[in-house]
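Reviewing the structure listed below.
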Amino acid sequence: MENHQALSTTTDVMSADSTLDSITQRKHAAMIKRLSSINQSRVSSKTGPKDPSFESTKSFLSLFTNSKQAIESSFTQIQHNLDANPNPTLDLKLQLEKISQLEKLVAENSYFLPPYEVQSSLKTIDNLKQAFDSVSSKVIPRKKFSFKNKTARKPESANIVAKETIENEQPCYKVKDSPGFRGKENERLTNEFKGSEMGEFVLSDLTGCEVRLKGCTQALFINRLQNCKIYAGPVLGSILIEQVEGCLFVVASHQIRIHDAKESDFYLRCRSRPIIEQSFGVRFAPYCLCYDGIESDLKESNLDLDDDDDDVRSWENVDDFQWLRAVQSPNWSILPESQRIDTVQI
């Protein structure tokens with residue numbers, strides 16, 4: 001249901017004024033510049049010819065534009081080939097999935113894009129959704145698909161397509177071969193990473209567990225957690241969190257993306273703005289973890305922030321990709337100091 005609502009983002013929200021005040025904009029621009037430098041360093045160290053990430057605004061916009069034009073071309077072909085196509089619903093479903101994938105592409109790469117490029121890309125996606133509505137109303141006038149008015153009752157055919165899209169949607173990361181903790185309940189789970197053990201780590205399908213991770217990892221993937229407490233040392237790359245409820249996270253990373261989180265608290269240290277999507281009741285506070293050797297781990301991961309570092313308060317500058325109005329998103333808030341936990345020693 002929530003995924004279907006995500007595909008039904010309203011036009012009035014997408015067209016709302018999202019201009020940042022000048023001070024915030026300058027700070028964000030400075031952060032983006034530093035991230036671009038970090039990204040460029042990573043580019044020069046890569047040897048793989050087909051790395052899936054985008055290391056510049058130009059390369060991202062190139063793929064984004066090509067994908068947009070391909071979707072628009074498909075809309076034209078669907079309308080022109082009605083007589084030769086007995087079942088245009090399948091073609092429409094494919095374009096619906098492509099629009100959803102394009103929206104996810106923007107969210108996953110927004111950490112290095114200038115703010116105006118993010119807003120422009122999201123506006124383009126909204127235009128594609130409106131074009132989808134227009135084409136579907138002409139092709140199947142009695143069974144119109146729609147992105148509009150998420151509170152309105154949808155025709156049955158639109159519900160079927162959206163349901164099939166959600167059921168067929170795959171996680172945005174592949175973690176099946178990575179080490180980690182899976183399928184545990186009411187346990188304390190601990191791990192310490194050393195040297196060659198540094199890599200990707202997974203926390204999946206946990207209920208009522210307390211997880212303690214010492215040392216540095218390359219990436220941390222978290223999905224389907226309920227009522228868990230996660231205490232983790234610094235992550236050199238990204239932390240991806242999906243489908244969590246009633247949890248507490250104390251984590252540090254260069255990039256943190258949160259999808260489908262409910263009633264959870266996040267104590268973060270990060271060098272880019274945290275991203276949330278399809279989440280509500282989430283609260284944020286600064287990182288508060290301590291263990292023997294954490295200072296050297298933070299330094300190794302370039303997360304040893306001090307009060308003079310512009311990124312020291314990135315944890316509180318959250319981007320909500322389901323809320324583009326100029327006013328504060330109702331889906332997240334700063335955790336009041338009186339309700340924060342004390343420094344956690346593991």
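The values are calculated or read from the model by the stated rules, or taken from the named source; none is laboratory data. What you see is a predicted model; the values in this text were computed from it and never measured. Counting neighbours? That spans all protein chains shown, and the Cβs are built from the backbone with ideal geometry, glycine included.
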From the option list Gly246, Gly293, Gly281, single residue qualifying as surrounded by fewer than 23 Cβ atoms within 10 Å (Cβ to Cβ), on the phi > 0 side of the Ramachandran plot and without any contact (Cβ under 8 Å) to a residue 24 or more places away in the chain is Gly246
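Can you list the strands (runs of 3 or more DSSP E) found entirely within segment 194-240 that contain at least 1 residues being under 24 Å from Cys290 (Cβ atoms) and within 19 Å of the chain's Cα centre (by Cα)?
Working: elements: 200-207, 210-214, 219-226.
Qualifying strands (runs of 3 or more DSSP E): 200-207, 219-226.
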Here is a list of conditions, (1) in contact (Cβ under 8 Å) with a residue 60 or more places away in the chain; (2) touching a Gly at 6+ places or on another chain (Cβ under 6 Å), and Asn227 meets all of them except one; can you say which number that is?
(1)
Conditions: (1) more than 19 Å from the chain's Cα centre (by Cα); (2) surrounded by 20 or more Cβ atoms within 10 Å (Cβ to Cβ). Cys288 meets all but one. Number of the miss?
(2)
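Test Ser178 against the stated conditions and say whether it is outside any strand (DSSP E or B) and either crowded, with 20+ Cβ neighbours inside 10 Å or at negative phi (or both). Give the derivation first.
Working: outside any strand (DSSP E or B): yes; either crowded, with 20+ Cβ neighbours inside 10 Å or at negative phi (or both): yes.
In short, yes.
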Hits in segment 102-123 - residues which are modelled with pLDDT of 80 or more and either in contact with a Gly (Cβ under 6 Å, 6 or more places away or on another chain) or surrounded by fewer than 17 Cβ atoms within 10 Å (Cβ to Cβ) (or both)
Ser120, Lys123
Between Ser333, Ser253, which is touching a strand residue (DSSP E or B) at 6+ places or on another chain (Cβ under 7 Å) and either crowded, with 18+ Cβ neighbours inside 10 Å or not in a strand (DSSP E or B) (or both)?
Ser253
Looking at Lys68, Lys46, can you tell me which residue is in contact with an Asp or Glu (Cβ under 9 Å, 6 or more places away or on another chain) and either at pLDDT below 50 or surrounded by 14 or more Cβ atoms within 10 Å (Cβ to Cβ) (or both)?
Lys46
Taking Trp323, is it outside any strand (DSSP E or B), within 21 Å of the chain's Cα centre (by Cα) and over 17 Å from His254 (Cβ atoms)?
yes
